[in-house]
């Protein structure tokens, strides 16, 4: 099946929102999913940096986390009301209850669940993540996972365990979950390819509620 063309004609308003740890793949997978669906993609961190006129790391160091979370909350409130397509959020977007409520009420939220070890392999050389600029970044990721996993689950309609499948496989898994939930129309070709995927049965889950 050709991967370059959109496989769905999305005539209804879609708001698909990714949450997860820093480095869990929200931006990469979100961009690929948007391309497959033929809808716009926005990364909330990029919008925040445009609004701040500086990098998140610089603002974080200069103004502190509370000030950054205020800006983040305002941006997320705006995006969840006015952006239609796929939205990737920052790793700490779920820390405030108001954010979790807005995300869940205004979109279809997908939690990309990654182990701290998998995330560390992806981001260990990335100097642009302020919360990971510590002596023990893996320990920091483990602490973030323990603290935030319940919050991601609270905001999410779907949980996708990323593991090590390719981006294309993860996007297919997400499309399957959205189809099964009635968020997207079922594509027979997509359905056949997903049924033949070895990762689908144990890697993707749709929690109740």
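All of the numbers you see were taken from the coordinates with simple rules; none came from a lab. All figures in this text were calculated on a predicted structure; none of them were measured in a lab. Don't worry about glycine lacking a Cβ; one is built from the backbone with ideal geometry, like all the others, and counts go over all protein chains shown.
With the highest mean first, a sort of the peptides 23-30, 115-122, 152-159, 92-99 on other beta-carbon atoms found within 10 angstrom per residue produces 23-30, 152-159, 92-99, 115-122.
Using equal-weight Cα scatterers in the Debye expression, the normalised intensity of segment 15-205 in log10 at q = 0.10, 0.18 Å⁻¹ is -0.39, -1.27.
For residue 82 and residue 168, the FRET efficiency from 1/(1 + (r/R0)^6), where r spans their Cβ atoms and R0 equals 25 Å, is about 0.25.
Taking other C-beta atoms within 10 angstrom as a stand-in for reagent exposure, 60, 18 fall in the order 60, 18, fewest first. For residue 28 and residue 58, FRET efficiency with R0 = 22 Å and r from the beta-carbon atoms, rounded to 0.05? Using R0 = 22 Å, I get an efficiency of 0.40. Taking label positions 7 Å along the Cα-Cβ direction at both residue 67 and residue 180, the computed distance is 4.6 nm, reported to one decimal.
Residue exposure proxy: 50, 43, ordered by other Cβ atoms within 10 angstrom of their Cβ from fewest to most, comes out as 50, 43. DSSP beta bridges confined to segment 15-205 are antiparallel in about 10 percent of cases. The ranking of 89, 169, 80 from fewest to most other beta carbons within 10 Å of each one's beta carbon is 169, 80, 89.
Tell me whether segment 130-176 comes out rounded, prolate or oblate; compute the Cα gyration tensor, take square roots of the eigenvalues as a ≥ b ≥ c, and use a/c under 1.5 as the rounded threshold. Oblate, because a/c is 1.5 or more while a/b does not exceed b/c. Taking square-rooted eigenvalues a ≥ b ≥ c of the alpha carbon gyration tensor, is segment 50-145 rounded, prolate or oblate, where a/c under 1.5 means rounded and, failing that, a/b exceeding b/c means prolate? Note, shape of segment 50-145 comes out oblate.
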